[in-house]
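Here's the structure we're looking at; comments come further down.
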Amino acid sequence: MKQAGTKNTSQKRFLLDQRQWWLLATIVAVLVLLSPILCLFPELFKPLGSAWNNLKETVLPAYISNTLILIAGVGLGTVLLGLSSAYLTSMYRFPGARFLRFGLLLPLAIPSYIAAYVFSGVTEYSGPLHLIGRGLGQNDWHVNIMHLPGLIVVLSLVLYPYIFATARVSLESRYNSYIENARSLGLKGTSLLLKVILPLLRPALIGGVFLVIMEVLNDYGAMKYFGITTFTTGIFTAWFSMNDLNSAVRLALMLFVLVALLSYLENWFSRKHKVTESTRSKKSAPKKLTGVPAILAGIYTWGLFIIAFITPVAYLAWRFTLAEHGRAIDEWFTLGRNSLLSGLAGVALILLIALLTQFTQQLIRSKLSRVIGRSISIGYTIPGAIIAIGVLLLSSGIDHAIGQGLLLTGSFGMLIFAYTVRFSGVAYQPLQAEAEKRNGKLFEAAQSLGKSPWSVLKKVYLPVSTNGILLAATLVFIDITKELPLTLILRPFNFSTFATKAFEYADDELLSKAALPALSIVLLGMIPVLLLHRTLRAK
Amino acid sequence: MSLITVEQLDHHYGKNKVLHACSFAINQGEIIALLGESGSGKTTVLRALAGFEKPTSGQIKMKDLVLFDKRTMVKPEQRNIGLVFQDYALFPHLSVKKNIELGQEKNAAQSVEHWLSLVGLSEMANRRPDQLSGGQQQRVAIARAMAAKPSLLLLDEPFSNIDESLKFEFRHELKTLLKAEDVSAVFVTHDTKDALAIADKIVILKDGVVQQIGTPTDIYNSPENTYVTGLLGPFNIIKEDAASSTIIRAEACSLGETGIPGTVVSSMFQGQTYLINVRTENTTWVCEHSSPLTENTAVFINYASEHTIKVNNS
C-alpha cells in the first residue's frame with residue numbers, strides 16, 4: 001500500500017506548485033488578452049484636440065441617435081421575425097416546416113456587410129427587383145432601401161436567426177413540459193402564446209437580443225455601405241480620415257460603456273426573470289395545419305427563407321457569372337491562402353489560451369478561476385473596432401519603447417493577437433459545455449488515482465475534450481474568416497482576406513468582383529449553422 | 001493509531017454552514033458508513049477527505065501525517081485516497097482494462113487481470129464503458145480505485161444506481177471484496193439498510209452535525225436521540241420531557257386483546273408484515289403486524305418494557 005505524501009521533497013514541492021503554475025499562466029494569459037482594452041483608459045486623461053470638440057458639436061449627436069435607433073430597431077425586427085418563424089415551425093406542421101427549422105437558420109451564414117450590398121444591389125435601379133418591376137410594366141416603380149430604416153430591415157433579415165434558434169430550443173425542449181401542461185389545462189392559440197409561451201421565453205429572448213445588439217455594434221461594413229454614421233463608423237472616420245487617435249479612443253470608450261451597460265442589464269434581467277428548465281420530455285408532435293392557415297404559415301416562413309437566404313445567395317451567384325472569371329479565380333487563391341493562414345494561426349493561439357483557461361478552471365475550482373474563465377469572453381462582447389484601437393495603442397506603445405521602428409504595429413502577429421482577444425470566448429464556450437457535460441468528475445477521478453495535473457491534462461482532459469476542441473476550432477476559424485472591422489484596421493500592408501476584399505470591392509461598387517469572396521464566406525459560414533442545427537436537434 | 005482522524009471539521013458555503021465540529025476516526029480495514037439525509041453534509045465530508053473540498057477549519061490526519069489543517073492542504077493526487085463516484089466517472093475514451101491500468105503504478109504487484117477477475121469482468125476487458133451495464137460500470141470503478149492501492153477508499157452513494165433486486169448481492173460482493181483486500185473504506189449513503197448491512201461503524205450526520213457514531217447494533221439498540229431512532233424505522237414516543245423521550249420501535253409493539261386501547265386508522269403492506277396506524281386516546285401509534293386490519297377495528301397495543309429505549313430529543 002502506498003503512503004500519502006511520501007514523494008521526495010523536491011518532487012513534492014514541484015507537485016504542490018503545479019496548480020499555482022497553471023493558475024499563474026492563466027492569469028498572465030488573461031491579463032495579456034485584456035491589455036488592449038486596458039490600454040484605452042489612459043487615453044482619456046490626455047489633452048483633448050480640437051478635432052474632438054468639432055466632432056462633439058457636429059456628428060456625435062447623430063452617432064448616438066443612429067446607434068440607439070439601430071439597436072432598438074434591429075432588436076425589435078429580429079424578435080418579430082425570429083419568434084414568429086420559430087413559433088410556426090416548432091408548434092405547427094405545414095409543407096416544408098421540417099426543412100425550415102434548419103433553413104431559417106441559414107441567413108446566419110451571411111455577414112451583415114455582405115447582406116447590405118446584396119440587398120442594396122437587388123433593389124437598386126438596375127437590380128433584379130426593378131427589372132422585374134419594369135417587366136411587369138411598372139416603369140416608375142422605385143424602391144430605395146439606402147437609409148436607416150432600410151438598414152434596420154437588412155440587419156434584421158440576417159440577424160433574426162439568433163432569436164429563432166433561442167426560441168426554437170425553448171419551445172421544443174427547455175420549456176416543453178410547461179407548454180404541454182398549459183395545453184392540458186385548456187389553453188391554446190393566442191392565450192397560450194400570451195399567457196405562457198411569451199413570459200417563459202422572455203429571458204431567452206433578452207439573451208438573444210443582447211447577442212443581436214452586439215452584432216449590430218460590431219458591424220462596420222453595412223453601416224459604411226449604407227452611409228449611416230454610428231459610433232463604429234465614427235471610430236473609423238476619426239482614425240482613418242482625421243488621423244485623430246484620441247477621438248477614436250473616446251468614441252470607442254463611449255461604445256464600451258454602452259456595451260457594459262447593456263451587458264449589465266441583460267445579466268440583471270436574466271437573473272430577475274430566471275425560468276427553471278422543465279424536465280426534458282419527449283416533444284409531442286406539432287399540430288397539423290390545413291387549408292388557409294397552412295397556406296399563410298407556408299407563405300410567411302418560405303417567404304422569409306427566400307428573402308433572407310435564397311435571394312442573397314442567388315444574387316451573388318448571378319453577379320459572379322458577370323465577373324472576369326480567370327482573374328477572379330487567381331485572386332480567390334491568394335485571398336483563400338491569406339484567410340486560411342490567418343484563420344489557422346488564430347485558431348492555434350486561441351485554442352491554446354482557451355484550453356489553458358478551461359483546464360485551470362477544472363483543476364482549481366474556485367471563484368478566482370471562474371472569474372478568470374469568464375474574463376476571456378469579455379473580448380467577444382466588445383466590438384472589433386474597439387479592440388483594434390486597443391491593439392494599435394498597445395503595439396505602438398511597445399514599438400515606441402523598443403525604439404526599433406514599427407516591429408509590431410501593422411504586423412501579422414498583432415492581427416492574430418487581436419483575433420485572440422476578440423474570439424477566445426468563442427472557443428471557450430464549447431470547451432466549457434464539454435466540461436460541464438462531464439461535471440468535472442472525470443478530472444477528479446483521475447486526480448484521486450494519483451495523477452498530476454499535467455498527466456490529467458494529457459491522459460484525460462484532452463482526449464475527452466476532442467469534440468469540444470474541434471467545434472471550437474471550427475467556430476473560431478469561421479468567425480475569423482468573416483471578421484471585417486478588426487482585419488481592416490490591423491492587417492499588414494497588402495494583406496487581404498475574403499472579408500476585406502469583398503468589402504473593398506462592394507465599397508467601390510464592383511459588386512461582380514465582390515461576389516466570389518462573398519460567396520466563399522457564405523459557404524464557409526454554413527458550416528457552423530449546420531453544427532448549430534445539430535446541437536439544437538440534439539437538445 | 002487510527003488510519004484517519006477527522007477532528008473538529010467545519011465548512012461553510014458562503015453563509016451556509018454545512019459542517020459543524022465534525023469528528024470521527026477510521027481504523028485500518030474498517031468500513032464506515034456516513035449516513036444522513038440529503039443536505040446533511042455527508043458528501044462534503046467525503047470530498048474533504050479526498051482533497052477536493054477545502055474545509056473552513058479543523059484537521060484531517062492520515063496516521064500522523066496531516067492532510068489538512070489551517071496550514072496544510074495535501075493535493076488530491078498526493079493523498080493516496082481513492083474515490084468511487086456516484087456516476088462512476090469512467091473515462092469514456094479508454095477500455096475497461098485501460099481504465100484500471102490508469103490508476104496503477106508501473107510495476108504494480110497485481111495485474112489488471114487480477115482486478116478484472118476479482119470483480120468478475122475478465123471477459124469485458126476490451127469493452128468501452130458505454131458498452132457496460134450500470135452494475136458492470138460500478139464494478140470497473142471499484143476495481144480501478146482499488147488497483148491504485150489506496151490507503152482509504154471513498155464511495156459516494158455506491159448503491160443509488162443499482163436496481164433494488166440486485167442490491168443485496170452487491171452489498172455482499174462489496175463487503176467481501178473490501179474485507180478480502182483489507183481496504184479501509186468510507187461510503188456515503190442515505191439508505192439505512194445499506195449502512196446496517198455493510199458498515200462496521202456508522203457515522204450519522206444531520207445538518208452538518210454528527211449525531212452518533214457506533215456499530216450498527218449499537219445504533220439500533222441504543223440510539224442517541226429521536227432523529228437517529230427515526231432513521232432506523234418508525235417508533236412511538238411513550239413518555240416525553242423537555243430533554244428526553246422514552247420510545248418503543250414499531251416492530252417491538254404488538255396488537256392483541258389487552259393493552260392500550262385504540263382503533264385502526266390504516267394498514268400499509270411492507271412485504272412480510274403490515275404497518276398499522278392505531279389512534280389511541282392521546283396520540284397515534286405505529287405497530288408492525290402480521291396481517292392487515294380493516295379501518296376502525298378496535299385493537300389493544302402491547303409492548304415489553306425492556307424494549308423501550310430512552311433517547312435525547314433532537
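Which trypsin sites (Lys or Arg not before Pro) does the stretch B:1-109 hold that lie in a coil by DSSP with at most 14 other beta carbons within 10 Å?
Numbers: sites: B:Lys15, B:Lys17, B:Lys42, B:Arg47, B:Lys61, B:Lys63, B:Lys70, B:Arg71, B:Arg79, B:Lys97, B:Lys98, B:Lys106; in loops: B:Lys15, B:Lys63, B:Lys70, B:Arg71, B:Arg79, B:Lys106.
Answer by residue number: B:Lys15, B:Lys63, B:Lys70, B:Arg71, B:Lys106.
In terms of its alpha-carbon gyration tensor, the stretch A:48-321 comes out oblate; a/c meets the 1.5 threshold, while b/c is at least as large as a/b.
For the stretch A:350-395, compute Rg over Rh where Rg is the Cα radius of gyration and Rh is the Kirkwood radius from the inverse mean 1/r over Cα pairs.
Details: Rg = 12.9 Å, Rh = 11.8 Å.
Looking at the stretch A:350-395, the ratio lands at 1.09.
Neighbouring Cβ atoms from other chains, within 10 Å of the Cβ of residues in B:209-222, number 0 on average. Here the protein assembly as shown is treated as a Stokes sphere of Kirkwood radius computed over C-alpha pairs; at 10 °C and 1.306 mPa s its diffusion coefficient rounds to 50 µm²/s. Can you list which of the DSSP-assigned H helices in chain A have a Cα extent of 30 Å or more along the long axis and an average Kyte-Doolittle score of at least 0.5? Long hydrophobic helices here: A:9-40, A:60-91, A:148-169, A:245-272, A:325-363, A:511-538.
For the stretch B:1-88, what does the alpha-carbon gyration tensor say about shape, rounded, prolate or oblate, given a ≥ b ≥ c as the root eigenvalues, a/c under 1.5 as rounded, and a/b over b/c as prolate? Rounded shape, in that the Cα axes give a/c under 1.5. Unpaired cysteine residues in chain B (no second Cys Cβ under 4.7 Å): B:Cys22.
Loop-located chymotrypsin sites (Phe, Trp or Tyr not before Pro) in the stretch A:91-152 (DSSP state not H, G, I, E or B) with no more than 12 neighbouring Cβ atoms inside 10 Å: A:Tyr125, A:Trp141. Quick one: longest stretch of chain B between exposed loop GluC sites (Glu not before Pro), exposed meaning at most 11 other C-beta atoms within 10 Å and loop per DSSP? Between the exposed loop sites, the longest stretch runs B:106-256.
First obtain the Kirkwood hydrodynamic radius of the stretch B:4-221 from its Cα pairs, then insert it into the Stokes-Einstein equation at 25 °C and 0.890 mPa s, and state the resulting D in µm² per second as a whole number. All intermediate terms of the calculation are to be shown ahead of the outcome.
On the way: Rh = 17.7 Å.
Diffusion coefficient, whole number: 138 µm²/s.
Shielding by partners for peptide B:82-93, expressed as the average number of C-beta atoms from other protein chains within 10 Å of each residue's C-beta, is 5.
Around the Cα centre of the protein assembly as shown, unit charges on the Cβ atoms of Lys, Arg, Asp and Glu (plus for the first two, minus for the last two) sum to a dipole of about 860 debye. If R0 is 51 Å, the Cβ-Cβ spacing of A:Leu68 and A:Gln18 corresponds to a FRET efficiency of close to 0.55. Taking other residues whose beta carbon is less than 10 angstrom from the beta carbon of B:Gly208, and scoring Lys, Arg as +1 and Asp, Glu as -1, yields +1.
Would you kindly state how much longer the chain becomes between B:Arg128 and B:Asn312 on full extension, computed as 0.36 nm times their sequence separation minus their alpha carbon distance, in nm to one decimal?
Contour length minus the Cα-Cα distance gives 61.1 nm.
Remark: the stretch B:4-221 carries a charge dipole of roughly 620 debye about the Cα centre, counting +1 on each Lys and Arg Cβ and -1 on each Asp and Glu Cβ. Residues A:Ser366, B:Ser267, ranked from the fewest to the most other C-beta atoms within 10 Å, line up as A:Ser366, B:Ser267.
Based on Cα contacts under 8 Å between residues 6+ apart, the stretch A:48-321 shows a relative contact order of 32 percent. In chain B, a dipole from Cβ-located charges (positive for Lys and Arg, negative for Asp and Glu) runs towards its positive end, and of B:Met268, B:Pro216, B:Ser57 it is B:Ser57 whose Cα lies farthest in that direction. Looking at chain B, the DSSP beta bridges with both ends there are about 70 percent antiparallel. At what distance in angstrom do the alpha carbon centres of the stretch B:282-314 and the stretch B:65-144 lie from each other? Between the Cα centres of the stretch B:282-314 and the stretch B:65-144 lies a distance of 48 Å.
From the P(r) of the stretch A:394-477, could you give the percentage of C-alpha pairs in the tail past 15 Å?
Details: 2362 of 3486 pairs.
Pairs farther apart than 15 Å: 68 percent.
Projecting the Cα atoms of B:Val96, B:Gln78, B:Leu121 onto the charge dipole of the stretch B:4-221 (Cβ charges, centred on the Cα centre) puts B:Gln78 farthest toward the positive pole.
For the stretch B:237-312, take N as its residue count and report Rg(C-alpha) divided by 2.2 N^0.38 Å. Mind showing how you got there, number by number?
Working: Rg = 12.5 Å, N = 76, 2.2 N^0.38 = 11.4 Å.
The stretch B:237-312 yields a ratio of 1.10.
Long hydrophobic helices in chain B, taken as whole DSSP H segments with a C-alpha length of 15 Å or more on their own axis and mean Kyte-Doolittle hydropathy at least 1.0, are absent.
Applying 1/(1 + (r/R0)^6) with r as the Cβ-Cβ distance of A:Ser241 and A:Glu436 and R0 = 60 angstrom yields a FRET efficiency of 0.80. Highest average first, the peptides A:518-529, A:471-482, A:48-59 ordered by how many other beta carbon atoms sit within 10 Å of their residues are A:471-482, A:518-529, A:48-59.
Farthest toward the positive end of the dipole of chain A, out of A:Ala285, A:Ala385, A:Leu475, is the Cα of A:Ala285, where the dipole comes from beta carbon charges about the Cα centre. Pairs from the list B:Lys15/B:Lys98; B:Lys70/B:Lys310; B:Lys63/B:Lys167; B:Lys63/B:Lys106; A:Lys46/A:Lys501 with a Cα-Cα gap above 31 Å: B:Lys15/B:Lys98; B:Lys70/B:Lys310; B:Lys63/B:Lys167; A:Lys46/A:Lys501.
Applying the criteria of a DSSP loop state and at most 11 other Cβ atoms within 10 Å to the GluC sites (Glu not before Pro) of the stretch A:269-369 yields A:Glu324. Averaged over the residues of B:144-150, the number of partner chain Cβ atoms lying within 10 Å of the residue Cβ comes to 3.
Of the beta bridges in the protein assembly as shown, as assigned by DSSP with both residues counted there, near 70 percent are antiparallel. Label separation (A:Leu530 vs A:Phe333): 2.5 nm, computed from points 7 Å beyond Cα along the C-beta direction. Here the stretch A:48-321 is treated with +1 on each Lys and Arg Cβ and -1 on each Asp and Glu Cβ, and its dipole about the Cα centre works out to around 1360 debye. Tell me the relative contact order for chain B as a rounded percent, counting alpha carbon contacts under 8 Å between residues six or more apart. Taking the mean separation of contacting Cα pairs over the length of chain B, I get 17 percent.
Since every read-out is calculated from the coordinates, none of them should be taken as a lab result. Note that the structure is predicted; figures quoted are calculated from it, not measured. All Cβ positions, glycine included, derive from the backbone under ideal geometry; neighbour counts span all protein chains shown.
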